[in-house]
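Visitor: Mind having a look at this structure? Questions to follow.
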Amino acid sequence: METMLPQKQAEEAIVASLNETESEVGGVREEEKELQNHSMFSIKSILWHGGSVWDAWFSCASNQVAQVLLTLPCSFSQLGMVSGILLQIFYGIMGSWTAYIISVLYMEYRARKEKENVSFKNHVIQWFEVLDGLLGPYWKAVGLAFNCTFLLFGSVIQLIACASNIYYINDHLDKRTWTYIFGACCATSVFIPSFHNYRIWSFLGLGMTTYTAWYMAIAALVHGQAENVTHTGPTKLVLYFTGATNILYTFGGHAVTVEIMHAMWKPQKFKYIYLLATLYVFTLTIPSAAAVYWAFGDELLNHSNAFSLLPKNGFRDSAVILMLIHQFITFGFACTPLYFVWEKVIGMHDTKSICLRALARLPVVIPIWFFAIIFPFFGPINSAVGALLVSFTVYIIPATAHMLTYRKASARQNAAEKPPFFMPSWTAMYVFNAFIVVWVLVVGFGFGGWASMSNFIKQIDNFGLFAKCYQCKPPTPPAMAAAPPPHHHHH
């Protein structure tokens, strides 16, 4: 595998773009080489090869919100307006902090490995390898298990969201049939080699979510408040924590953080990018969710997809279509790390041929497809994934890993990244990390897990497993267009 084949020249162009910088000096050289390449085939590089700070920002911001935009109004109806906005800000800051922690650990791992002269030319570093290098094999196993399950269900959610959205444009087919169709379409993501190649996509994706968010806000304001609208939330504890967990899920989109960093020419700059991406995301999530909730109030409790309440017109259709395209992109984002893991397991990770790798990646797509058909519950599955997987993958494991990595004084002295300027002492970082672990364990995993699982089970009782059409309107139009039977509210 290691020996270079005669077609070396032909591959040069492809490999050059995938090469990672060996060191800072290497970094400068790489960038110069990049600039020379740009003049040669600039269009290709604009669309295809991205490693700049901007690319990372676009990747983070567009990856942060996708279909979650559509479920946030529902969460607001469960939380009430004040809690909704406060929790978004709180979890947004917490998410940025853990993303920063992940980037610190990544830099530490890379610095330690490069002292041992390990080169990462054709190898994409992943989160579980960072854990393995810093804390040993048990941590690797835990990190790998949570991360893979999370990404798997993340991809499942994208598929369900596709079917749930398209149904609002074309309801000749039921949602399950749409899921079959989209599963086949999403399988094409096996052909995209790595995160460098997502440049044009993440750029477009951000445009699409921005449009959708502002469309939701404006449409809700134009529509005005529905007749006798009520804003009773928060009423039930179960619903309160379900909503809170969905928000935890929204800002926990950085299971892909390490891979995005690895695709940068200079990963050191990643720390602030995530925070900036989150701040931009606030301008999308808060106005849209607040406006839709203001307009429709408690009706949202039975409509986990905000599109179902907004009036049908050309604007809504274009928002739906843009969201669909974005779903593809996010599906690619969630799946790519899974493909990497799978390639490493079967020993195909260094293969140059794109077609061979695509074939090898297909078994990853099948189970995703299958799950999407079993659990088509668009809103509740977000919260369940948030409570059981995101809480660990994104908050608890990084924070604990950081505490353990730097517990010795020697490790602290040789740290690749010193503590940030706004938190100069190691003790403060330690305390903050401990707070995150406890908070997420109790509120996110404990209460959130209880609430979202009981909600999830209730959905299974109401709709059955392979539900043909989740939360669709029944054929005879009753007074209320909600899917669950009315008695379902007074438990």
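Visitor: At 0.36 nm per residue, minus the direct Cα-Cα distance, what do Tyr138 and Ser318 gain on full extension? Give it in nm, one decimal, please.
Guide: Values: separation 180, 0.36 × 180 = 64.80 nm, distance 4.74 nm.
That works out to 60.1 nm of additional length.
Visitor: How many Å² of accessible area per residue for region 166-282, probe 1.4 Å?
Guide: Value for region 166-282: 39 Å² per residue.
Visitor: In addition: When the accessible area of region 101-185 is computed with all protein chains present and a 1.4 Å probe, what percentage of it is carbon and sulfur?
Guide: 61
Visitor: Moving on to the next point. Distance from the Cα centre of region 405-449 to that of region 290-321, in angstrom?
Guide: Region 405-449 and region 290-321 have Cα centres separated by 39 Å.
Visitor: Using only the Cα atoms of region 199-248, build the gyration tensor, take square roots of its eigenvalues as a ≥ b ≥ c, and label the shape rounded, prolate or oblate: rounded if a/c is under 1.5, else prolate if a/b is larger than b/c, else oblate.
Guide: Working: a/c = 6.91, a/b = 1.42, b/c = 4.86.
The shape class here is oblate.
Visitor: Leaving out ligands and nucleic acids, and using a 1.4 Å probe, what accessible area per residue does region 341-460 come to in Å²?
Guide: Accessible surface, normalised per residue, equals 43 Å².
Visitor: When the accessible area of region 363-407 is computed with all protein chains present and a 1.4 Å probe, what percentage of it is carbon and sulfur?
Guide: The computed percentage sits at 85.
Visitor: Which of the three applies to region 355-399, rounded, prolate or oblate, going by the alpha-carbon gyration tensor with a ≥ b ≥ c and a/c under 1.5 meaning rounded?
Guide: oblate
Visitor: Taking 7 Å along the Cα-to-C-beta vector as the label spot, tell me the Leu204-Ala416 distance in nanometres, rounded to one decimal.
Guide: 3.4
Visitor: How large is Rg over Rh for region 301-390, taking Rg from the Cα atoms and Rh as the Kirkwood inverse mean of 1/r across Cα pairs? Display every interim value, and only then the final one.
Guide: On the way: Rg = 17.2 Å, Rh = 15.9 Å.
Over the Cα atoms of region 301-390, Rg/Rh equals 1.08.
Visitor: Hey, another quick one. Normalise the Debye intensity by I(0) for region 292-336, one equal point scatterer per Cα, no solvent, then take log10 at q = 0.16, 0.18, 0.34 Å⁻¹ and round to two decimals.
Guide: So the normalised log intensities work out to -0.57, -0.67, -1.10.
Visitor: Would you tally the net charge around Leu310, using a Cβ to Cβ cut-off of less than 14 Å, leaving Leu310 out, and scoring K and R as +1, D and E as -1?
Guide: Within the 14 Å Cβ shell, the charges total 0.
Visitor: Another one. May I ask for the Rg/Rh ratio of region 246-367, computed from Cα atoms with Rh as the Kirkwood radius, given to two decimals?
Guide: On the way: Rg = 19.0 Å, Rh = 17.9 Å.
Computed over Cα atoms, the ratio is 1.06.
Visitor: Using a basic spin-label model with each label point 7 Å from the Cα along Cα→Cβ, how many nm lie between Leu359 and Ile169?
Guide: 3.4
Visitor: Counting only protein chains, not ligands or nucleic acids, how are Val222, Val104 ordered by accessible area (probe 1.4 Å), most first?
Guide: Details: Val222 120, Val104 5 Å².
Largest accessible area first, the list is Val222, Val104.
Visitor: Please list the non-local residues whose amide H lies under 5 Å from the amide H of Thr351, H modeled 1.01 Å from N, same-chain partners needing a gap of 5 or more.
Guide: none
Visitor: So what is the accessible area of region 54-116 per residue, in Å², with the probe set to 1.4 Å?
Guide: Each residue of region 54-116 exposes 26 Å² on average to a 1.4 Å probe.
Visitor: Probe radius 1.4 Å, ligands and nucleic acids left out: which of Lys175, Lys418 has the largest accessible area, and how do the rest follow?
Guide: Output order, biggest surface exposure first: Lys418, Lys175.
Visitor: Next up: Largest first, what is the accessible-area ranking of Tyr339, Tyr109 with a 1.4 Å probe?
Guide: From most accessible down to least: Tyr109, Tyr339.
Visitor: Treat each spin label as a single point 7 Å out from the Cα along the C-beta direction, and report the Lys236 to Leu404 distance in nm.
Guide: So the two model labels end up 3.8 nm from each other.
Visitor: As an exercise, use a Förster radius of 56 Å and the Cβ-Cβ distance of Asp461 and Ser425 to find the FRET efficiency, rounded to the nearest 0.05.
Guide: Calculated value: 0.65.
The values are calculated or read from the model by the stated rules, or taken from the named source; none is laboratory data. Keep in mind it's a predicted model, so treat the numbers as computed, not measured. Backbone-built Cβ (ideal geometry, glycine too); neighbour counts: all protein chains shown. We work out accessible area using only protein heavy atoms, side chains counted, and drop any ligands, DNA or RNA first. Shrake-Rupley method; radii C 1.70, N 1.55, O 1.52, S 1.80 Å.
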